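Participant: Quick one: the structure is below, and I'll ask about it shortly.
What follows is calculated from the coordinates using simple rules that are stated; it is not laboratory data. It should be emphasised that the depicted structure is a prediction, and the values quoted were computed from it without experimental measurement. As a convention, Cβ positions derive from the backbone with ideal geometry for all residues, glycine included, and neighbour counts pool all protein chains shown.
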Amino acid sequence: MNDVLLGLEGLTKAYPGVVANDDVSFDIREGEIHALLGENGAGKSTLVKMIYGLVKPDSGTMTLRGAAFEPAEPRAARAAGVAMVFQHFSLFDALSVAENVALGMENPPKPRDLARQIREVSETYGLPLDPGRTVGTLSAGERQRVEIIRCLLQDPKLLIMDEPTSVLTPQEVEILFETLRKLASEGTAILYISHKLEEIRSLCDHATILRLGKKVATCTPAEASARELAEMMVGASFETPQKADRPLGEVMLDVRGLSLPAPGAFGTPLREISFQVRAGEVLGLGGVAGNGQDELLAALSGERTTGADVIRLRDQPIGNMGPTERRALGVLSGPEERLGHAAAPDMSLVENAVLTGADRMGLLSGGFINWPKSKGFAEDVIRTFDVRTPGSGTAARALSGGNLQKFVIGREVLQSPEVLIVNQPTWGVDAAAAAAIRQALLNLAANGAALVVISQDLDELMEVSDRFGALNEGRLSDLRPVDGLTVEEIGLMMGGAHDMEVAHVDA
Amino acid sequence: MDLSSINPVLLIASIMVSATPILLAAIGELVVEKSGVLNLGVEGMMITGAVVGFAVAVSNTSPGLGFVGAALAGALLSLPFALLTQYLMSNQVATGLGLMMVGLGLSSLIGKPYEGMKAPPFPKVEIPLLSDLPIFGRMLFSHDIMVYFSVALVVAVWAFLKYTRAGLILRAVGEAHDSAHALGYKVRHIRILAILFGGACAGLGGAYLSLVRVPQWTEGMTAGAGWIALAIVVFASWRPGRVAVGAYLFGGVSVLQLNLQAAGADVPVALLSASPYLITILVLVIISARGAHAAPASLGRPFHASH
């Protein structure tokens, strides 16, 4: 099976001001698992959108089994045998599993036949799923099964997967890989997009690495080290964050029996969460997305209040205080969603700096904003955290995700918090910048702050935290010291494989 | 008070006539909102339908042509709304309110020469056997074609949304336009078609007022019926069946309170006149208080293909 399935030749696509893909050429062979690696903004998404017919290339050609392949729309790509599992944005919460699957198919069978087919395929590949369930009630892992089954029902020749493991527990990842290897052995080619290097090394036959829209290398991932791959992606070497030995101080943040009802129809209730964080300590909280991370951040930051005694800062009850009061006491936070939660998208960086830094940085005088001082603070953040922006007057929306992330985290770090709670601090940030942010968090802890880092990136949690806990359906597991913790143990803490089983079709 | 002056057969028959305009407008708006667009201009499209339908019917002495003209006028008036909100990303609430104002102004301009005229008679449909039934024949089966059309339309919309693929796609677009776009559905086209359908339905509803219910043209004759239609869609939790319940309830109470006024009921007239609005909203609030509200998740959010 070494015939070329999909050939890409000189693909170029430019958007105003940026060349997303510049003369990219590579081949995907029948039945191989091919990795597409690159930082955010390297052009991976644009490239797969061209293959899937969502974007038209400016120049360059594609061939599918030797014939010209120019999908004008996703429908044409699907008809030609290309299927795609999206990272976000392709499911409909209020519709049922069967309806979601039907929407992604060209000629869906009658509802009853479709339900039967969904059951068959889901059993064959060990992805159990009830066709009648409403998608909004499913866990992240189950939602991904919906997408995968939608693709498998169309019997694809090429399956594109865009960062499929970011929402899975390690056990679920292993089962997904079994499914993918089985598919590949049956002759389906898989284009696998990810920035998780260890996964790619264990799964993929070949890797194409993109940097700033250009193909920089093709390699066999199993023969390269993760660090080599990372440096090819970034194009430079970078420092790995160093954890300094530091004495733990008094208990700063003390949470006892925190329970809150779910904020909305599709939210997660918090159930009896208790933990303590000491000065100089970093508590890492993992867990699959949607298991209470956002809700816990909201409760700790003061967006949702609780009984006063449930949350204590240095033995002072703060559970009934709002975010502003907590900020004044030194409890700062950085939520996951950058646009609209951590930053107001249409306001300038200076204005965004004032929004959380007003009190602690003394940016107000007599109720009025001291603009020169605010500008100074914003520029301080920009300089210290290497935020790439034309200036401090630029709107937050105009920054790339990674740069804005550096800004919103830096803004909190420079306010020298006593307790800092962050959710997904390096989400969508390139490896070098992520290392810098992690180092800043570690330095903060070394200076005596207590940190709670919520993240879905286990490598990140292992790198920064002293103790680790996992959120599962709004409950917090026991907290364990990070030293000596294995991936299997972490997976079990995260809830294990949610009734998934290994594919059991004979290859 | 003399309740015996109220004839229940005539009462039910006039309730059906009274509910039809609102039912037509509301079922159209339901489709629009299911596709994720909030068009607040229903009142304006209704009254434009009323005046154009009246004018066409009078000029051709054909109420049938009048209804066709009204549907076209309603759809035509909704077209700028569709283009502004879907292509130029204008704010749906502001554009919808503007559409209402345009409709009101335009209708008085067009309607000036037609004031005081009488609409050509619209024949009732005689259904063999059914129309001859005692009591029920008179009550339910001796109406004009539009009454039956409106009921059939509700059933058709219900079946379309529940059982057809096109209906599923429409709901999907209203639920998550980014997902629908990623799967290759043409979000804008689908929404524009839905908006045009809603405009045509509102136009029909307006024409039913000026051609059958009243039947003549007076300025501002819709008197808030379009707003009631909008409210009914929301409180009916975007379900066709409940929209019909809401529309008939409103029509029913409107007719009943007129009868009560005529019978000299010992209730302040102002309260009686307000009662259709109060009771409809109250009942629908109680219905929607339990269970999920299920507003289309993308309702009123602008869609930009590049996101």
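Participant: Checking the condition under 17 Å from residue B:100 (Cβ atoms) and away from chain A (no Cβ under 14 Å), which residue from B:246, B:205 passes?
Facilitator: Details: B:246 fails: under 17 Å from residue B:100 (Cβ atoms).
Exactly one residue qualifies, and that residue is B:205.
Participant: Still on this structure, please answer the following. Give just the number: which of (1) outside any helix (DSSP H, G or I); (2) under 30 Å from residue A:55 (Cα atoms); (3) without any contact (Cβ under 8 Å) to a residue 60 or more places away in the chain does residue B:223 not satisfy?
Facilitator: (2)
Participant: Now for a separate question. Which members of region A:438-463 meet the condition of being of a type in the set (A, V, I, L, M), surrounded by fewer than 23 Cβ atoms within 10 Å (Cβ to Cβ) and more than 13 Å from the chain's Cα centre (by Cα)? Lay out the reasoning, then the answer.
Facilitator: From region A:438-463, those of a type in the set (A, V, I, L, M) are A:440-442, A:444-446, A:449-454, A:458, A:461-462; that's our starting set.
If we keep only those that are surrounded by fewer than 23 Cβ atoms within 10 Å (Cβ to Cβ) too, we end up with A:440, A:442, A:444, A:446, A:458, A:462.
Across region A:438-463, the qualifying residues are A:440, A:442, A:444, A:446, A:462.
Participant: Mind checking which residues of region A:125-155 are closer than 20 Å to residue A:81 by Cβ and surrounded by 15 or more Cβ atoms within 10 Å (Cβ to Cβ)? Spell out the reasoning first.
Facilitator: Residues of region A:125-155 closer than 20 Å to residue A:81 by Cβ: A:125, A:147-155.
Residues satisfying the conditions are A:125, A:147, A:148, A:149, A:150, A:151, A:152, A:153, A:154.
Participant: Being surrounded by 19 or more Cβ atoms within 10 Å (Cβ to Cβ) and either of a type in the set (Ser, Thr, Tyr) or more than 16 Å from residue A:270 (Cα to Cα) (or both) narrows it down to one residue among A:321, A:347; which is it?
Facilitator: Working: A:347 fails: surrounded by 19 or more Cβ atoms within 10 Å (Cβ to Cβ).
Checking each option against the conditions leaves just A:321.
Participant: Of all the helices (runs of 4 or more DSSP H) wholly in region B:89-185, which have at least 1 residues that are under 19 Å from the mean Cα position of the chain (by Cα) and away from every other protein chain (no Cβ under 14 Å)?
Facilitator: Values: elements: B:92-111, B:136-140, B:145-163, B:165-175, B:177-182.
Correct list: B:92-111, B:145-163.
Participant: Can we say residue B:233 is surrounded by fewer than 20 Cβ atoms within 10 Å (Cβ to Cβ) and either on the phi > 0 side of the Ramachandran plot or away from chain A (no Cβ under 14 Å) (or both)? If you could, list the steps in order and put the result at the bottom.
Facilitator: Working: surrounded by fewer than 20 Cβ atoms within 10 Å (Cβ to Cβ): no; either on the phi > 0 side of the Ramachandran plot or away from chain A (no Cβ under 14 Å) (or both): yes.
No.
Participant: Scanning region A:363-414 for residues that are in a helix (DSSP H, G or I) and of a type in the set (S, T, N, Q), which turns out farthest from the chain's Cα centre (by Cα)? Show your work before the answer.
Facilitator: Filtering region A:363-414 for residues in a helix (DSSP H, G or I) gives A:371-384, A:396-398, A:401-413.
In the following step, the residues that additionally are of a type in the set (S, T, N, Q) were identified as A:374, A:384, A:403, A:405.
Details: A:374: 31, A:384: 25, A:403: 16, A:405: 13 Å.
Among those residues, the one meeting the criterion is A:374.
Participant: Which members of region A:248-284 meet the condition of being out of contact with any strand residue (DSSP E or B) (no Cβ under 8 Å at 6 or more places or on another chain) and surrounded by 14 or more Cβ atoms within 10 Å (Cβ to Cβ)? Let's see the steps before the verdict.
Facilitator: The initial filter retains those residues of region A:248-284 that are out of contact with any strand residue (DSSP E or B) (no Cβ under 8 Å at 6 or more places or on another chain), namely A:261-268.
A:263, A:266, A:267, A:268, listed by residue number.
Participant: I need every pair where a residue in region A:266-285 that is on the phi > 0 side of the Ramachandran plot has its Cβ under 7 Å from the Cβ of a residue that is crowded, with 20+ Cβ neighbours inside 10 Å and not in a loop (DSSP other than H, G, I, E, B), sequence separation at least 6 or different chains.
Facilitator: A:280/A:445
Participant: Across region B:30-69, what is the number of residues that are more than 23 Å from residue B:219 (Cβ to Cβ) and within 10 Å of the chain's Cα centre (by Cα)?
Facilitator: Qualifying residue count for the region: 1.
Participant: If a residue counts only when it is farther than 14 Å from residue B:182 by Cβ, within 14 Å of another protein chain (Cβ to nearest Cβ) and out of contact with any Phe, Trp or Tyr (no Cβ under 7 Å at 6 or more places or on another chain), which strands (runs of 3 or more DSSP E) contained entirely in region A:14-128 have at least 2 such residues?
Facilitator: On the way: elements: A:18-29, A:33-37, A:59-64, A:82-85.
Those strands (runs of 3 or more DSSP E) span A:18-29.
Participant: Which residue out of B:94, B:73 is on the phi < 0 side of the Ramachandran plot and free of Cβ contacts under 8 Å to residues at least 24 places away in the same chain?
Facilitator: On the way: B:73 fails: free of Cβ contacts under 8 Å to residues at least 24 places away in the same chain.
Going through B:94, B:73 in turn, the sole match is B:94.
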